[in-house]
Amino acid sequence: MRFGILVFPGTWSDTDCHYVVQDLLHQQADYIWHQQQDLRGYDCIIVPGGFSYGDYLRAGAIARFSPVMTALGRFAADGGLVIGICNGFQILCEAGLLPGVLMRNQHLEYRCQWTHLRTQRADTPFTRCCPADKALQVPVSHGEGNYYASAATLARLEEEGRVLFRYCDASGAATPESNPNGSLNNIAGIVNEGGNVLGMMPHPERACEPLLGSSDGNCIFQSIIDSCGTR
């Protein structure tokens, strides 16, 4: 399959994502500069982490106006798979492709640490290869990862099963202590109404080799690859 990896001024996780999908998982991967306006021919677009435009104004607020974001909106509306990671999640929320907002961490600290994630559903294009009985070990690295949405939006996300990942402890329990940023309901990742756009704060591309401490992130990328193979 063919991945496209968006690159904005200030993006830095693009090379990590490229390495995972091309060198480790042997899929085609192309860098896409933020001024490109045509995403035809791609199966999945990755909006990677970093500090797009230096996080000026607020994280993702300027990147959402880049020309490629109009193309990304069309791509998602046509059913294309999109995964936004960390700053990518922030950009997707700013662009209205996902509900809610990512605020300053509750403790006002930048956190770079390992977390555990509970997979809420295993029947989506992003989770079909994720083991239901195992808490994934995936790191976070952010200062603005505190997910917030109105009570009505939050209730809708929960009712519609659109929370895909939740911060938890090693046993899978979603406790306050396992929440690294104060996100409501321990939310670590959500999808849009169509189920084809995922935003998540943890970095699965940093957990794809045992050498790094975990290869659990592979199940997310492999889920995408397998899903595209059956479309």
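The values are calculated or read from the model by the stated rules, or taken from the named source; none is laboratory data. Treat the numbers as computed from the prediction; the structure is a model and nothing was measured. No Cβ is skipped: glycine too gets one built from the backbone with ideal geometry, and neighbour counts run over all protein chains shown.
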If I filter segment 175-188 for residues that are under 16 Å from Ile83 (Cβ atoms), buried (at least 23 other Cβ atoms within 10 Å of the Cβ) and touching a residue at least 60 places away in the same chain (Cβ under 8 Å), do I get at least one hit?
yes
Candidate set: segment 124-133, residues that are touching a strand residue (DSSP E or B) at 6+ places or on another chain (Cβ under 8 Å) and at pLDDT below 95; chosen: the one nearest to Ala173 (Cα to Cα)
Ala132
Wholly inside segment 75-151, strands (runs of 3 or more DSSP E) that include 3 or more residues that are within 20 Å of Cys44 (Cα to Cα) and touching a residue at least 24 places away in the same chain (Cβ under 8 Å) are 81-85
Inspect segment 158-172 for any residue being assigned to a loop (DSSP other than H, G, I, E, B), crowded, with 24+ Cβ neighbours inside 10 Å and of a type outside the set (S, T, N, Q) and give the result as yes or no.
no
Say whether the condition of being farther than 20 Å from Phe126 by Cβ and crowded, with 23+ Cβ neighbours inside 10 Å is met by at least one residue in segment 82-104.
no
What's the number of the only condition in (1) out of contact with any Gly (no Cβ under 8 Å at 6 or more places or on another chain); (2) under 25 Å from Ser52 (Cα atoms) that Cys208 fails to meet?
(1)
Within segment 195-202, can one find any residue that is surrounded by fewer than 24 Cβ atoms within 10 Å (Cβ to Cβ) and within 22 Å of Leu72 (Cα to Cα)?
yes
Could you count how many residues in segment 3-18 are in contact (Cβ under 8 Å) with a residue 40 or more places away in the chain and outside any strand (DSSP E or B)?
6
